[in-house]
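Below: the structure, in structure tokens.
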Amino acid sequence: MLPQKIDRQTANAIKSLLQKHNINFARVLIDLDKQTVVAQEEDYSVDDLLEAAGSLSPERGMEILEEVNQARGEWNS
């Protein structure tokens, strides 16, 4: 499926509607047939984690990334 570009006014209207339902994710998948909204996971690299944390070693960054991936796997099962 190819992404479709929408104008800023439409995006803000959709965002406002979702916020009224306590949906505050930057990326969502809306399935109109199933009437569901699913948050899309953000994929972060080790470099992103290190930049956000500031002073982590690359080894510790990898450990944290592994812990996050493991937790996501547990949540999804």
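Once amide H atoms are built 1.01 Å from N in the peptide plane, which residues 5 or more positions from VAL28, or in another chain, come under 5 Å H to H?
For VAL28, the qualifying residues are GLN40.
Please give the peptides 14-23, 61-70 ranked by average Cβ packing (other Cβ atoms within 10 Å per residue), highest first, as a rough proxy for protection. Walk me through the intermediate numbers first.
Details: 14-23: 10.7, 61-70: 12.9.
In decreasing order of mean packing, 14-23, 61-70 become 61-70, 14-23.
So who's got an amide H within less than 5 Å of the one on ILE23, skipping anything under 5 residues away but keeping other chains? H placed 1.01 Å off N, in plane.
none
Read-outs: derived from the displayed coordinates by stated rules, not from any lab. Computed from a predicted structure; not experimentally measured. All Cβ positions, even for glycine, are placed from backbone atoms using ideal geometry, and neighbour counts span all protein chains on display.
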